[in-house]
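Below is one structure; the comments refer to it alone.
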Amino acid sequence: MIRFSLDKIMKDRGLEQKDIVSITGINRNTVKALASNANARIDFPTLNTLCRTLGVLPGELIEYLPEDDEESH
């Protein structure tokens, strides 16, 4: 499974969703969905903005977690 790690970065830096909205200009609903892993996709411009403003690489925002049933295939 692919997981978006914005919530972890926010926690590590003591940021709230409103802070991310403020520093990135990304829509509040988008930030909320990304922080709660409710999105099935992310647009490249949004990913670029998060990377640029938070000073992270895409791999720090997106992580792959193998699922138990995938390991048996």
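The values are calculated or read from the model by the stated rules, or taken from the named source; none is laboratory data. This is a predicted model, so every value here is computed, not measured. Here Cβ is always computed from backbone atoms with ideal geometry, including for glycine, and neighbour counts include all displayed protein chains. Heavy atoms of the whole protein, side chains included, go into the accessibility calculation; ligands, DNA and RNA do not. Shrake-Rupley method; radii C 1.70, N 1.55, O 1.52, S 1.80 Å.
Remark: the chain carries a charge dipole of roughly 620 debye about the Cα centre, counting +1 on each Lys and Arg Cβ and -1 on each Asp and Glu Cβ. The value of relative contact order for the chain, using C-alpha pairs under 8 Å at least six residues apart, is 48 percent. Scaling against 2.2 N^0.38 Å puts the C-alpha radius of gyration of the chain at 1.16.
Heavy atoms only, probe 1.4 angstrom, no DNA, RNA or ligands counted: give me Ile62, Ile23, Ile9 ranked by accessible area, highest first.
Ile23, Ile62, Ile9
For the chain, adding -39500 (n - 2.57) for each run of n ≥ 4 DSSP H residues and dividing by the number of residues yields -15000 deg cm²/dmol at 222 nm.
Split the accessible area of the stretch 3-57 by element, probe 1.4 Å, and carbon with sulfur accounts for 49%.
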